[in-house]
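The next block holds one structure in the form of structure tokens; read it before the comments.
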Amino acid sequence: MDIFQVFFEQSLDLCCTADQNLYLQQLNPAWQSTLGWTCSELRAVPLTEFVHPDDLEGALSIAAQLQVPDATKVNFVIRFRHKQGHWIPVSW
């Protein structure tokens, strides 16, 4: 396992990759421990299914920005639904 993969897997921060349709592709164990969903559950639907309705428009706008080649860094907070139903603020 290379050093990047070790960092990715062991990070306490939520680390992930997603495709253009916002389906999670690769995610680290912090997702499950933070949000309660299994990795399979998180990969089964678009990431937007877990976003608070009031944050959805902003999340989609940021996702579009990040798909532009050479996109600049963005800093934002989006609330994600925990499996038990409450909302967790996640800083990106």
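The values are calculated or read from the model by the stated rules, or taken from the named source; none is laboratory data. The model shown is predicted, which means the values in this text are computed figures rather than measured ones. Using ideal geometry, Cβ is built from the backbone for each residue, glycine included, and neighbour counts are taken over all protein chains shown. Just the protein is used for accessible areas: all its heavy atoms, side chains included, with ligands, DNA and RNA removed. Shrake-Rupley method; radii C 1.70, N 1.55, O 1.52, S 1.80 Å.
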| field | Unit charges at the beta carbon, dipole of the chain: most positive-side option, Ile3, Gln26, Thr38 | value | Thr38
| note | HN-Hα couplings for the stretch 50-61 via Karplus (6.51, -1.76, 1.60; θ = phi - 60°), in whole Hz with x for Gly/Pro, come out as 9, 8, 4, x, 6, 9, 4, 4, x, 5, 5, 5
| task | Taking trypsin sites (Lys or Arg not before Pro) as candidate sites, keep only those in a DSSP loop with at most 15 other Cβ atoms within 10 Å, then name the longest stretch of the chain containing none of them. | result | 1-72
| task | Extending each Cα 7 Å along its Cβ direction at Ser33 and Leu56, get the distance between those two points in nm, one decimal. | result | 3.1
| task | Round to the nearest 10 and report in Å² the accessible area of Thr34, as given by a 1.4 Å probe over the protein chains' heavy atoms. | result | 50
| Net charge of neighbours whose Cβ lies under 15 Å from the Cβ of Leu35, counting Lys and Arg as +1 and Asp and Glu as -1 | 0
| field | Cut-off under 5 Å, modelled amide H: who pairs with Phe76 long-range | value | Trp92
| said: Is there a quick way to get the dipole size of the chain? I mean about its Cα centre, with the Cβ of Lys and Arg at +1 and of Asp and Glu at -1; what is the value in debye to the nearest 20? | reply: 180
| If you take the square roots of the eigenvalues of the alpha-carbon gyration tensor of the chain and sort them as a ≥ b ≥ c, do you get rounded (a/c under 1.5), prolate (a/b over b/c) or oblate? | oblate
| query | In deg cm²/dmol and to the nearest 500, what is the mean residue ellipticity at 222 nm of the chain if only DSSP H runs of at least 4 residues count, each as -39500 (n - 2.57), divided by the residue total? | reply | -9000 deg cm²/dmol
| task | Name the shape class, rounded, prolate or oblate, that the alpha-carbon gyration tensor gives for the stretch 1-41, where a ≥ b ≥ c are the square roots of its eigenvalues, rounded holds for a/c under 1.5, and otherwise prolate holds if a/b is larger than b/c and oblate otherwise. | result | oblate
| field | Relative contact order (%) - criterion: Cα under 8 Å, at least six apart; region: the chain | value | 21
| Which of rounded, prolate, oblate describes the stretch 33-87, given a ≥ b ≥ c as roots of the alpha-carbon gyration tensor eigenvalues and a/c under 1.5 marking rounded, otherwise prolate only if a/b is larger than b/c? | prolate
| said: Can you tell me the length gained on complete extension of the stretch Gln84 to Phe4, counting 0.36 nm per residue apart and subtracting the Cα distance? | reply: 25.6 nm
| note | Along the stretch 29-38, Karplus-curve 3J(HN,Hα) (6.51, -1.76, 1.60; θ = phi - 60°) to the nearest Hz, with x for Gly and Pro, reads x, 4, 4, 5, 6, 7, 9, x, 7, 6
| request: Any chance you could run the full-extension gain for Ala71 through Leu12? It's 0.36 nm times the residue separation minus the Cα-Cα distance, nm to one decimal. | output: 18.7 nm
